[in-house]
Amino acid sequence: MQKRIFCGVGEFDIPVIHPIEFDGNTQFVGFNYLQTCKTPEEKGLHFFVDDYQFNRIWTNIDKYVFHLMRFRYVMSPDFSTYTDFPKAVQIYNHYRKHWVGAYLQEAGVKVIPTISWGDESSFAWCFDGEPERSTVSVSSVGCMNSQEKRKLFLHGYNAMIERLNPEKIIFYGDVPDECRGNIVRINSFQDKFKEVVCSGW
């Protein structure tokens, strides 16, 4: 708040992330490769890693803006909104995601909004600040290991489609057959292990 206060939307004044065009032909790397990626101008960067690995972008964002500007695209940080988190923490993490996304957009970074949700009660605020008819990103990692989690994911995914009508959906992780839309799948970290197993090593 000492750096920037954005005019937000919704009950909780969520900063707005504006739509961008995505060409659909980009390899993405995780935030943990921010400073070691050799060709950032050819790649996108995602935050589908554990929160502790990128919480520093919230506490000291100016240290990382230059590095992020080198990438072709940068997804907004995926601060967790787990259903067992207190609602105040879920909303706070949604706000932080959008504050960082809006701050980076002002700096000239091409930000792709990361959409996340909890249970149905989160639909009242979890889409606030997201652009309509634009490219968005989602992750199914950790959401397919039980019937209840899968049901929650699909319910939120369908709500996202109805609310935002996204042009493209960058999908990190396994894509359930029920998911509709113009999906662009990117490999998850777990896919590397699957490739090793399948190759017989």
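The values are calculated or read from the model by the stated rules, or taken from the named source; none is laboratory data. Please read all numbers here as calculations on a predicted model, not as lab measurements. No Cβ is skipped: glycine too gets one built from the backbone with ideal geometry, and neighbour counts run over all protein chains shown. Calculation scope for accessible area: heavy atoms of the full protein, side chains included, ligands and nucleic acids excluded. Shrake-Rupley method; radii C 1.70, N 1.55, O 1.52, S 1.80 Å.
Looking at segment 75-97, can you tell me whether even one residue there is at pLDDT 95 or above, over 19 Å from Ser139 (Cβ atoms) and of a type in the set (Ser, Thr, Tyr)? Yes, because at least one residue in segment 75-97 is at pLDDT 95 or above, over 19 Å from Ser139 (Cβ atoms) and of a type in the set (Ser, Thr, Tyr).
Residues in segment 4-46 that are over 18 Å from the mean Cα position of the chain (by Cα) and aliphatic (A, V, I, L, M): 2 in all. Checking the stated criteria, Phe48 turns out not to satisfy the condition of being in contact with a helix residue (DSSP H, G or I) (Cβ under 6 Å, 6 or more places away or on another chain) and under 26 Å from Gly173 (Cβ atoms).
Within segment 121-150, restricting attention to residues that are part of a loop (DSSP other than H, G, I, E, B), among the hydroxyl-bearing types (Ser, Thr, Tyr) and open to solvent by less than 10 Å² (accessible area, probe 1.4 Å), the residue that is farthest from Asp174 (Cα to Cα) is Ser134. Annotation note: Cβ proximity below 6 Å between a residue of segment 25-47 that is closer than 11 Å to Tyr73 by Cβ and in contact (Cβ under 8 Å) with a residue 12 or more places away in the chain and a residue that is open to solvent by 100 Å² or more (accessible area, probe 1.4 Å) and assigned to a strand (DSSP E or B) (sequence gap 6+ or interchain) occurs for Lys43/Gln27. Listed by first and then second residue, the pairs with beta-carbon distance under 9 Å, at least 6 apart or on different chains, first residue in segment 97-114 and in contact (Cβ under 8 Å) with a residue 12 or more places away in the chain and on the phi > 0 side of the Ramachandran plot, second open to solvent by 10 Å² or more (accessible area, probe 1.4 Å) and not β-branched (Val, Ile, Thr), are Gly108/Met69.
Residues that are open to solvent by less than 20 Å² (accessible area, probe 1.4 Å), at pLDDT 95 or above and either in a loop (DSSP other than H, G, I, E, B) or among the hydroxyl-bearing types (Ser, Thr, Tyr) (or both) do occur in segment 151-158.
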